[in-house]
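Let me begin by presenting the structure, written as structure tokens, before commenting on it.
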Amino acid sequence: MPGKPMIRRRLDRLLTASLGALLAVAVQAAPARADVGDLTEYPVTTPASSPTGITAGPDRALWFTEFDGNKIGRITTGGAVTEFAVPTESSLPYDIAQGPDRALWFTESAADKIGRITTAGAVTEYPLPVAGSFPTGIALGADRALWFTESGTNKIGRMRLDGTVTEFAVPTPDSVVYHIAAGPGGVWFTELLAGKIGRVDHSGNVTEYPLPTGFEFPSDIAAGPGGMWFTASDKIGRITASGTITLFPRPNPGGSADGITRGPDGNMWYADQLGVIGRITPKGEITEFPVPDGGDKVPFNIATGPDRNVWFTELLGNAIGRVDALPGRAHGPHAGAAQPGPRRERSRHEDSRHERPRHLLPCGPGTPPGPPPLCR
């Protein structure tokens, strides 16, 4: 099994895919648009915690992972943050999803474990069968099991609520299976380096669908109108249940889109590491909304909240952001709760982000064009 420093370096490279371009691209703040409301940012309590995954919980709050903080965070729709420590030290919690049992389930990438946390903060950890499995994405399947990706062993895992694990090999070797989501016919997942979208049915049969060039680097994936939608660097893609793929070029050709979710308005919303939150309609019409100083904050993952707004993590900004996707509507039953003011200035903790590598070194001869997610 690789040592933890090696695993940390590997996932750091994954998290900071294309971040070298941040030094060359300036994201300019634009005036607020009439068709979207305010953007508010709430700082995470632990300094330099690197919030990554985010999902809506069963308690009308948002839950998120703190990759460097080794914690699971909870934020109310009013902006109040609570944090819970993960028992295994330096486990690198990465992605998180709501389970069928009113608990939250998350991946512990460096620990080769799947974690479960109740809404009261009680954590249980389930070790995976194979060392070096390096779990990343996780999602609830239609079969009431938790499905997850193992980028280290190139497998898709399925965990029952008692911790029993079944694994299914992905045919393309070293594909770096990354994010996963339930959809038609099973669960769908991205193969970051193989340039493919995969599907595994509940019997374990795996089908792979190559993207047009294979160099699109698909990242996150979510169910939406007409099929599964996914981010692919400077494009947003859609794949139908039969495997037909459509790619929609984004306004910023140098983009690095990561998280994607179905919004409360029926459109798909995505987060771009270069500093914008984007929206794409079922017809492929794209609008992007800059995050103030977004290139320094790195919007990363995204989810629709119980208040019918869109929430996202800021990997280097150490904050959780909210976009009023339906302006003029209340933020839900907790809207009247006291909340901190909008985070418009850099906190004193942001300077610690220099500890994370900002540059990716060349991959060497034979590297395909495009961002080199795992090269260093």
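The values are calculated or read from the model by the stated rules, or taken from the named source; none is laboratory data. Remember, it's a predicted structure, so these values are computed and weren't measured experimentally. Neighbour counts run over all protein chains shown; Cβ positions are idealised from the backbone, glycine included. Remember, those area values only see protein heavy atoms, side chains included, never the ligands or the DNA or RNA. Shrake-Rupley method; radii C 1.70, N 1.55, O 1.52, S 1.80 Å.
Considering only residues of the range 239-256 that are at pLDDT 90 or above and farther than 17 Å from Thr207 by Cβ, which is surrounded by the fewest Cβ atoms within 10 Å (Cβ to Cβ)?
Looking at the filtered set, the residue picked out is Pro249.
Against the condition under 29 Å from Ile277 (Cβ atoms) and open to solvent by 30 Å² or more (accessible area, probe 1.4 Å), how does Thr136 come out, does it pass?
Details: under 29 Å from Ile277 (Cβ atoms): yes; open to solvent by 30 Å² or more (accessible area, probe 1.4 Å): no.
Criteria not met by Thr136.
Are there any pairs, at least 6 apart or on different chains, whose C-beta atoms fall under 7 Å, with the first in the range 204-218 and among the small types (Gly, Ala, Ser) and the second in a strand (DSSP E or B) and surrounded by 14 or more Cβ atoms within 10 Å (Cβ to Cβ), and if so, which?
What qualifies is Gly204/Phe168.
Is one or more of the residues making up the range 279-296 within 20 Å of Ser233 (Cα to Cα), under 13 Å from the mean Cα position of the chain (by Cα) and of a type in the set (S, T, N, Q)?
no
Given the conditions (1) surrounded by fewer than 17 Cβ atoms within 10 Å (Cβ to Cβ); (2) in a loop (DSSP other than H, G, I, E, B); (3) at pLDDT below 50, report the number of the one that Asp351 does not fulfil.
Condition (2) is where Asp351 drops out.
Which residues, counting only those in the range 264-276, are within 15 Å of the chain's Cα centre (by Cα) and open to solvent by 10 Å² or more (accessible area, probe 1.4 Å)?
Val276
For residues in the range 103-115 being assigned to a strand (DSSP E or B) and of a type in the set (A, V, I, L, M), which is surrounded by the fewest Cβ atoms within 10 Å (Cβ to Cβ)?
Ala103
Are any residues in the range 293-306 in contact with a Ser or Thr (Cβ under 7 Å, 6 or more places away or on another chain) and farther than 11 Å from Val323 by Cβ, and if so, which ones?
Answer for the range 293-306, where residues must be in contact with a Ser or Thr (Cβ under 7 Å, 6 or more places away or on another chain) and farther than 11 Å from Val323 by Cβ: Phe300, Asn301, Ala303, Pro306.
For Gly73, state whether it is touching a residue at least 40 places away in the same chain (Cβ under 8 Å), outside any loop (DSSP other than H, G, I, E, B), in contact with a Pro (Cβ under 7 Å, 6 or more places away or on another chain) and closer than 14 Å to Ile320 by Cα.
It is true that Gly73 is touching a residue at least 40 places away in the same chain (Cβ under 8 Å), outside any loop (DSSP other than H, G, I, E, B), in contact with a Pro (Cβ under 7 Å, 6 or more places away or on another chain) and closer than 14 Å to Ile320 by Cα.
For the range 110-117, state whether one or more residues are over 21 Å from the mean Cα position of the chain (by Cα) and at positive phi. Explain how you work it out, then say what you get.
Of the residues in the range 110-117, the ones over 21 Å from the mean Cα position of the chain (by Cα) are none.
No, the range 110-117 has no match at all.
Specify the residue that is surrounded by the fewest Cβ atoms within 10 Å (Cβ to Cβ); the eligible residues are those in the range 277-300 that are among the β-branched types (Val, Ile, Thr) and under 28 Å from Ala48 (Cα atoms).
Among those residues, the one meeting the criterion is Ile277.
Report yes if Thr124 is without any contact (Cβ under 8 Å) to a residue 60 or more places away in the chain, exposed (fewer than 15 other Cβ atoms within 10 Å of the Cβ), in contact with a strand residue (DSSP E or B) (Cβ under 8 Å, 6 or more places away or on another chain) and not aromatic (Phe, Trp, Tyr), otherwise no.
yes
Sort out which residues of the range 78-102 are buried (at least 19 other Cβ atoms within 10 Å of the Cβ), more than 15 Å from the chain's Cα centre (by Cα) and either part of a strand (DSSP E or B) or modelled with pLDDT under 95 (or both), and write them in order of number.
Val81, the sole residue that qualifies.
On the basis of being among the basic types (Lys, Arg), closer than 30 Å to Glu41 by Cβ, in contact (Cβ under 8 Å) with a residue 40 or more places away in the chain and surrounded by fewer than 20 Cβ atoms within 10 Å (Cβ to Cβ), does Arg144 make the cut?
no
Does Ala181 count as closer than 20 Å to Tyr209 by Cβ and open to solvent by less than 50 Å² (accessible area, probe 1.4 Å)?
For Ala181, the condition - closer than 20 Å to Tyr209 by Cβ and open to solvent by less than 50 Å² (accessible area, probe 1.4 Å) - is met.
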